[in-house]
Each structure stands twice: as C-alpha cells, then as structure tokens.
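Bear in mind these aren't lab numbers, they're just calculated from the coordinates by the rules spelled out. Bear in mind that the values here come from a model prediction, so they are computed numbers and not experimental data. Reconstructed Cβ throughout: ideal geometry from the backbone, glycine too, with neighbour counts over all protein chains shown.
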C-alpha cells in the first residue's frame, strides 16, 4: 500500500505546483513575444531590402523628421526607432514615410523632430529609403 500512497502524494504535489505556477500562461506570453519579435524582424528585413534597392537605384533627397519614438527593441545594443519622415522628392513633392530604423547610439541625437536627413529614395516607391546618418543634409 505504501507505493500507491506515495504515487497519490506525488500526483497531489504536481497538481499543487501547476496551480502555483501556471505554465500555460507563461507559454502563451512567450509565444506572443516571439510573434512580435518575428514581425519586427520581418519589417526590418523588408526595410533593409528597400534600403539596398534605394542605394543602388535611388535618387538623392532630403527627409525631415516629423516624429521619432523608441520602440523598446534593441539590435546589437543599438535602439530601434520608429520614424515619421516627410521626404521631399526630387520633383518637389513631399511624401510621408513611416519606418523602423536601427540607429547607432552615436546618431541618436539626429533623431529629433525637425532634423533634416540626407536620404536616397526610390522615386517609384518612397518607402524604399536609405538614410545617410553620417553626412548632414
């Protein structure tokens, strides 16, 4: 009888642990966080492809920062910033662009509303944009 008594005791302890530490909720939170991270990485990858296209096929333009917000994410110890830009196309037409950009900490001071940035932009798609953080506009 001692074996079955010990088995019941272990079962009761397992139930008590599951009640104290709800693993299902932690697992759901982890999955939601992973989905958010995957979405952010997909957006960043799409932005990188657009930047590459803008570097090779784009034209020089100037963008003014309308607003800048830190997303709370970091890449290589550099913050990811969401930028609202007003890009003045070469023909003079202003185009609003919103993008997430990893900004080196050295260049964070340039992420202020009203700052002008030198960019290369695809005239057919202003969302394909490369920001020159080194050279001032």
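If R0 is 22 Å, the Cβ-Cβ spacing of residue 134 and residue 98 corresponds to a FRET efficiency of close to 0.45.
Listing 88, 131 from the residue with the fewest other Cβ atoms within 10 Å to the one with the most, what is the order?
Arranged by neighbour count, lowest to highest, 88, 131 become 88, 131.
In this simple spin-label model, placing a label point 7 Å from the Cα along the Cα-to-Cβ direction at both residue 52 and residue 28 gives a separation of 3.9 nm. Computed over the Cα atoms of region 1-69, pair by distinct pair, the Kirkwood hydrodynamic radius stands at 17.6 angstrom. Of 112, 26, 100, the residue with the greatest mean-square motion in the GNM of the chain, using alpha carbon springs below 10 Å, is 26. Against the chain, whose longest principal axis is taken from its Cα atoms, helix 23-57 shows a tilt of about 20°. Remark on region 2-136: Rg and Dmax equal 24.0, 88 Å (Cα only). For the chain, the relative contact order comes to 24 percent (Cα pairs under 8 Å, sequence separation of at least 6). What's the angle, to the nearest 10 degrees (0 to 90), between helix 2-20's Cα axis and the longest principal axis of the chain? Once rounded, one gets 30 degrees.
Here the residues 89, 44, 74, ranked from fewest to most Cβ neighbours within 10 Å of their Cβ, fall in the order 74, 89, 44.
Note on the chain: GNM, Cα springs under 10 Å; of 75, 104, 49, the largest mean-square fluctuation is that of 75. Distance between the 7 Å Cα→Cβ label points at residue 108 and residue 36: 2.0 nm. Of all the options 67, 51, 33, the one that moves most in a Gaussian network model of the chain with Cα springs shorter than 10 angstrom is 33.
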